[in-house]
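No lab work stands behind these numbers, since they all come straight from the coordinates. Not measured: the values here are computed from a predicted model. Because the Cβ atoms are built from the backbone with ideal geometry, glycine has one as well, and the counts that use them run over all protein chains shown.
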Amino acid sequence: ARGATVLRGIWGFHGDHEPHGDKLFQLVRRVPVVTIIIDRPEWIVRSYDIVDELTAGHGAVTSEMVPAAVSLEGPKRHGGARLAQLDY
């Protein structure tokens, strides 16, 4: 199953800078954000240009293969707990 989740932090820091977070009546958010996307490799590859553009100034990007996955949609079950056979 494919999908995305965004987790927004409330406090963060980087390098030698002081820790920072959101403030009341602030126009720009300065907190860490983690976006997790799960999809087939051929669809993930299509998003690389967008990710490069969004992280051109700063950010860290990691990419991992999920060796096994189970997803439930109501009574339907997709995937399984046995390891997938993927060509890296």
Legend entry - Student exercise, the chain dipole from Lys, Arg, Asp, Glu Cβ charges, in Debye to nearest 20: 480 debye
Inset, instruction - Measure off 7 Å from each Cα along the Cα-to-Cβ vector at residue 17 and residue 5, then give the distance between these two points in nanometres to one decimal. - result: 2.6 nm
Inset, instruction - Quick one: pull the percentage of alpha-carbon pairs in the chain with a separation above 23 Å. - result: 44 percent
Inset, instruction - Report the net charge of residues surrounding residue 5, where surrounding means a beta-carbon distance below 15 angstrom and charges are Lys +1, Arg +1, Asp -1, Glu -1. - result: 0
Inset, instruction - Among 60, 81, 41, pick out the residue whose Cα is farthest towards the positive end of the charge dipole of the chain, where Lys and Arg carry +1 and Asp and Glu carry -1 on C-beta, about the Cα centre. - result: 81
Inset, instruction - Work out, step by step, the length gained on full extension between residue 27 and residue 45: first 0.36 nm times the residue separation, then minus their alpha carbon distance; give nm to one decimal. - result: 3.2 nm
Legend entry - Most mobile of 75, 19, 41 in a GNM of the chain (Cα contacts under 10 Å): 75
